[in-house]
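Below is one structure, written out as structure tokens; the observations come after it.
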Amino acid sequence: ELTIAIDDFGSGYSNLDKIANQIKFEKLKYLKIDGSIVKKIEIDIAYRTIVKMVSTFALETEKKPVYEFIEDENIKNILIELSKGKGLGQGFYYSPPVPLKDFVIT
């Protein structure tokens, strides 16, 4: 039987120590969760758990989680549940990308 351990979890690319230090900045208001993670929450419990943990971390540190890649109502509903209704989102469910000239109100 082979057993595997993950060494130095949280270091390197997603250094948890750096995140913990940066979260203290008052001007930091949002934690944006990449669409490559969000789009898998319907089918993969590991990704759903990661999004839940980041959402909880954001809320408990008084930041607002922001989710990319909300493509359908099911993903939206999962994210509402995970963020306790306190997150923000973007994606094709709400609107396709629009040219800046059509978006900015002058």
Short version: ³J(HN,Hα) in whole Hz for each residue of segment 19-25, in order, from phi by Karplus 6.51 cos²θ - 1.76 cosθ + 1.60 (θ = phi - 60°), x for Gly and Pro, what are they? 4, 4, 6, 6, 5, 6, 5
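Roughly how large, in nm² to one decimal, is the mean projection of the convex hull of the alpha-carbon atoms in segment 16-106?
Working: hull surface 28.4 nm².
Projected area, direction-averaged: 7.1 nm².
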Cross-link reach from Lys24 to aspartates and glutamates, straight Cα distance under 18 Å and at least 8 residues apart if same chain, gives Glu60, Glu62
Between Ile33 and residues 5 or more places away or on another chain, which pairs have amide H atoms under 5 Å apart, with H built 1.01 Å from N, and which residues are they? Val66, Tyr67, Glu68
Neighbour-limited loop hits for GluC sites (Glu not before Pro), segment 30-106 (at most 16 other Cβ within 10 Å; DSSP other than H, G, I, E, B): Glu42, Glu62, Glu68, Glu71
Chain lengthening between Thr3 and Val104 when straightened (0.36 nm per residue, less Cα-Cα): 30.9 nm
The answer for segment 20-86, accessible area per residue at 1.4 Å probe in Å², is 66
With angles folded into 0 to 90 degrees, how steeply does helix 73-82 sit against the dominant principal axis of the chain? Use alpha carbons for both and round to 10. 50
Sites matching trypsin sites (Lys or Arg not before Pro) across segment 51-106 that sit in DSSP coil, with at most 13 neighbouring C-beta atoms within 10 Å: Lys84, Lys86
3J(HN,Hα) from dihedral phi, segment 50-57, Karplus parametrisation 6.51/-1.76/1.60, rounded to Hz, x for glycine, proline: 4, 5, 4, 5, 5, 4, 4, 4
Compute the distance in nm between two label points, each set 7 Å from the Cα along the Cα-to-Cβ direction, one at Tyr93 and one at Ala46. 2.4
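The values are calculated or read from the model by the stated rules, or taken from the named source; none is laboratory data. From a predicted model like this one, the values you see are computed outputs, not experimental measurements. Counting neighbours? That spans all protein chains shown, and the Cβs are built from the backbone with ideal geometry, glycine included. Side chains are part of the model used for accessible areas, which takes the heavy atoms of the whole protein and leaves out ligands, DNA and RNA. Shrake-Rupley method; radii C 1.70, N 1.55, O 1.52, S 1.80 Å.
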